[in-house]
């Protein structure tokens, strides 16, 4: 056993030049006379030019750590202990003027919710241009041109300059915020869920931009995310945070392929592997929830949820021991022999114990690979289809347009589809392709210009205000951004109680019982029901929004990015819940998401939208395997995975999505297609090809030829036109 303690975390094998160094950081929030510790002795080091991923569930303290480093903590938050250095400067010693200049020139942060980072009263072009005017001293004309270039780099058309934030989709808003962050060429780039709401192709392009920035100016990157595949794609090292404590740290490849802390293993098991379907198995989940802020913990911070917990884990918190090595085992034996002290921090607190590239805060790291499973093997789903009761929803040539000044934007162009009882229909495509607009037409939030929407054989009125109470109760929607749908002045219990009364028709004790049942279904602890949305994390707010949608026992739920803000453990439980409700109640879903692995897991059939058109429809198995539309092929190639040895080649899409006001002639995808045939694609609208019964796509390339092209092993290069 080694008794070497790595003081200042300087012997981890990382380069010695530190762009960011955090030492023994402790942060406490003060609320209603109570002191609530959030970070409890966190140390980490990020070298110049290095990308460091910080993962963990919502509420673990990831964002708090980033805000502390940038000195952006809320007024009720204090740094009780520790030091923070960025490029060798002690952040705590900067004056207000130095801090303002430093934030503008040396650091940048991309926040989880883009809507709160953009001014609703300013056009996008003016907001992006401000970065160049105030921090680079450019005049108005020069700043405007640089803003145009910045937006093009994140695949947004020039027309975006004239629009307000509310005129953009959530994914487009996020791209604007990323463009603003990258514009200043920061030395430290903090990314807090930067790709939430972004489709796979744009996500891949953003990662390319970030890597280009890192290579050009040697920027350090702190990536905070629930997307473990994103960390695997971008980061060299990763830290796993739980309840304010760092429980594992090391090279990303080693952590993700051979986890040595039970919490890390639990997170990885929650992720649906690409190609996995709900009929194969239920997703693994992590039992219980995070401890409440200020709650007294016994021993290891993870002991209450750990399937491997032993009495020694509660006697004394383990240190961060080097792995591979027997330091944890020896420390466990020492803890058994010493007097119990469950309330104390580990003997070396925030310091690493033992030399090595990776460390884990566990006495039983050697046994983690054999950690028992926590969920049933089979999900118990029923096959969806006509035998389940026929069509629940029929959309017939629906079209919806908007005005952009003098121009007419057709956001949904003659879309037709049918959804069966008990079926999940996944809807994928880039931001701005029309997915959410179609969903709002179905739910009656906006009226379609033309076409018919029928529900259970009856034609629906175009807007929700004209629909019957039964129709409103039967079709519910979960929105992408919970902040825009939850009343900030109400407690979450009041929000759910109102939904239960309005949609379920119950009151009094029955309403209270229903609210408690809904909260339990989406893993919301009773203590959160007393809080307002502003006091909840992003994932917790989304759980409340999902619970509200199920308040009236709906027949169909339209889910617009319902899991984008959720950490992987809660996402797994929500997906399992959706599968269970569908199996028991024959609930139908329209599931809109940019996470193609989640769509593949949950969906029976999938539709692919591009530039307002539905260009491919088929079973999940058929759409995700050749032959499929070239656009679908590009989407699938862009998915970040946890497979470090995956040889698949990403297919880059050229340029930005064309404007909806001036769609390309012929095939709408021809301006970006890597399989363009020539003039026929430019001049003629493609026919609908049938690969197999029920699987259709719009393309000039017939199925047999497309299958041969897509199963070839030669590298794919974009074709210039």
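Read the figures in this text as sums done on the coordinates, not as results from a lab. Note that the structure is predicted; figures quoted are calculated from it, not measured. FYI the Cβ positions are ideal-geometry reconstructions off the backbone, even for glycines, and counts take in every protein chain you see.
If R₀ is 30 angstrom, what is the calculated FRET efficiency for the pair residue 81 and residue 535, using the beta carbon separation as r and rounding to 0.05? Kindly include the intermediate steps, with their values, before the conclusion.
Details: r = 25 Å, r/R0 = 0.82.
The pair residue 81/residue 535 has a calculated efficiency of 0.75.
If contacts are Cα pairs under 8 angstrom and at least 6 residues apart, what is the relative contact order of segment 625-710 in percent? All intermediate terms of the calculation are to be shown ahead of the outcome.
Working: 88 pairs, mean separation 26.4, N = 86.
So the answer I get is 31 percent.
Normalised by the number of residues in the chain, what is the relative contact order in percent for Cα pairs under 8 Å and 6+ residues apart? Mind dumping the intermediate values first?
Details: 1512 pairs, mean separation 98.8, N = 721.
For the chain, the relative contact order is 14 percent.
Bin by bin, in steps of 10 Å, what percent of the Cα pairs in segment 181-282 do you find, going until the bin that has the longest distance?
Distribution as computed: 13, 41, 34, 12, 2 percent.
If I fit a long axis through the Cα atoms of helix 124-136 and take the longest principal axis of the Cα atoms of the chain, what angle between them do I get, 0 to 90°, rounded to 10?
The helix 124-136 is inclined about 40 degrees to the chain.
How much of the calculated P(r) for segment 386-610 lies past 31 Å, in percent of all Cα pairs? Walk me through the intermediate numbers first.
On the way: 4921 of 25200 pairs.
More than 31 Å apart: 20 percent of the Cα pairs in segment 386-610.
What's the long-distance tail for segment 475-597, i.e. % of Cα pairs beyond 20 Å? Before the final figure, lay out each step's value.
Details: 2811 of 7503 pairs.
So the pairs more than 20 Å apart make up 37 percent of the total in segment 475-597.
Rounding to the nearest 10 and keeping the result within 0 to 90°, find how far the Cα-based axis of helix 508-521 lies from the longest principal axis of the chain.
It is inclined by approximately 80 degrees.
State, in angstrom, two size descriptors of segment 90-236 derived from its alpha carbons: Rg to one decimal place and Dmax to the nearest whole number.
Radius of gyration, then largest Cα-Cα span, for segment 90-236: 14.9, 43 Å.
Where both partners of a DSSP beta bridge lie in segment 386-610, what percent of those bridges are antiparallel, to the nearest 5?
50
Compute log10 of I(q)/I(0) for segment 401-488 with the Debye formula, placing one identical point scatterer on every Cα and leaving out solvent, at q = 0.11, 0.20 Å⁻¹, to two decimals.
Reported log10 I(q)/I(0), two decimals: -0.36, -1.17.
Could you estimate the translational diffusion coefficient of segment 312-370 from the Stokes-Einstein equation, with Rh from the Kirkwood formula over C-alpha pairs, at 25 °C and 0.890 mPa s, in whole µm²/s?
Details: Rh = 11.5 Å.
The Stokes-Einstein estimate is 214 µm²/s.
Calculated from DSSP H runs of 4 or more alone, at -39500 (n - 2.57) each and per residue, what is the 222 nm mean residue ellipticity of the chain, nearest 500?
Values: 22 runs with 214 residues, N = 721.
Here the helix-only value at 222 nm equals -8500 deg cm²/dmol.
What do you get for Rg/Rh of segment 308-462 when both radii come from the Cα atoms and Rh is the Kirkwood radius? Spell out each step's value before the answer.
On the way: Rg = 29.3 Å, Rh = 21.4 Å.
On the Cα set of segment 308-462, Rg over Rh gives 1.37.
Could you tell me what percent of the DSSP beta bridges with both partners in the chain are antiparallel, to the nearest 5? Kindly include the intermediate steps, with their values, before the conclusion.
Values: 63 of 99 bridges.
About 65 percent, rounded to the nearest 5.
May I ask for log10 I(q)/I(0) of segment 117-181 at q = 0.16, 0.22, 0.24, 0.29 Å⁻¹, from a Debye sum over the Cα atoms as equal point scatterers with solvent left out?
The Cα Debye sum returns log10 ratios of -0.43, -0.82, -0.97, -1.38.
What shape does segment 625-710 take by its C-alpha gyration tensor, where a ≥ b ≥ c are the square roots of the eigenvalues and a/c under 1.5 counts as rounded, a/b above b/c as prolate, and the rest as oblate?
Values: a/c = 2.14, a/b = 1.29, b/c = 1.66.
Oblate is the answer for segment 625-710, as a/c is 1.5 or above yet b/c matches or exceeds a/b.
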